[in-house]
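The values are calculated or read from the model by the stated rules, or taken from the named source; none is laboratory data. Quantities reported herein were computed from a predicted structural model and do not represent experimental measurements. Positions of Cβ are generated from backbone atoms using ideal geometry, with glycine treated the same way; all protein chains shown enter the neighbour counts. Ligands, DNA and RNA are stripped out before the accessible areas are found, and what is left, the full protein with its side chains, is counted by its heavy atoms. Shrake-Rupley method; radii C 1.70, N 1.55, O 1.52, S 1.80 Å.
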Amino acid sequence: MTLPNQHHKHERTFTIIKPDGVQRTLIGEIIQRYERIGLKLVAMKLMVPTENMVKKHYTLDAGWKQAVGEKSIKGFLDKGQTPPSNDPLEIAEKILNRLAKYLTSGPVIAMVWQGAHAVKIVRKITGGTEPLTSDMGTIRGDFVLDSYQMSETDDRSIRNLVHASGSVQEAEDEIAHWFKPEEIVDYRLFQEKILYSADMDDIFG
Ligand code: CDP
Ligand code: MG
């Protein structure tokens, strides 16, 4: 989705390298994956989030609780396992408390990435929520081995290294939640010519 008069190249998304990503020394690897596809880093900070920051972040979207609860139940049922509860909202409440503990446990890196289809491209590179079932070749599929079942047994969050916005709306809300407008840097990247120029003659002619 793009705003009227706005080229696709202006789309932005929000990502967090979660505390396990920092502790696993994967900062460079993760940034490289988003960078090498052609996205532009326009904001970045290292910080330890507060519980309030985290809880607000996950509840910016009023539908998130229902969705995360349903997705978790499906994750169990798809493997022939019994979910911890059949009530999505009860599950979501527990997930939110665990997330507050997980994401405040140490430094994280918050980033804003810009480029065509930034939201979907970053989700594709990041992979599905549960590392056990996320595709190989994705960050969550390649670097970590957690599951819904193990996180439930140990009463903790799924450790999946990164957060990435799920939609353009979510991205806009999350960017505003984590960054002040002046912390987002508008600049031109040399490679944007080859990525976005309508006429290749511009470059080689
Ligand atoms: O991060 P993503 O958008 O893929 O998933 P989400 O459904 O928005 O859930 C947010 C985060 O909650 C996940 O990335 C997990 O870290 C955590 N989660 C969890 O610990 N246990 C679940 N059953 C579901 C999500
Ligand atoms: Mg999400």
For Arg188 and Gln23, extending 7 Å from Cα along the Cα-Cβ vector and measuring point to point gives, in nm, a value of 4.5 nm
Taking Cα pairs closer than 8 Å and at least 6 residues apart, the relative contact order of the chain in percent is 33 percent
At R0 = 22 Å the Cβ-Cβ FRET efficiency linking His10 and Met47, nearest 0.05, sits at 0.30
Sorted by accessible surface (1.4 Å probe, heavy atoms of the protein chains only), largest first, Arg24, Arg188, Arg140 come out as Arg188, Arg24, Arg140
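In Å², what does the accessible area per residue of the chain work out to with a 1.4 Å probe?
On the way: 11170 Å² over 205 residues.
I get 55 Å² per residue for this part.
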Largest fluctuation, Thr126, Thr59, Thr104 only, Gaussian network model of the chain with Cα springs under 10 angstrom, belongs to Thr59
For the chain, the accessible surface attributable to carbon and sulfur atoms (probe 1.4 angstrom, ligands and nucleic acids excluded) amounts in percent to 54 percent
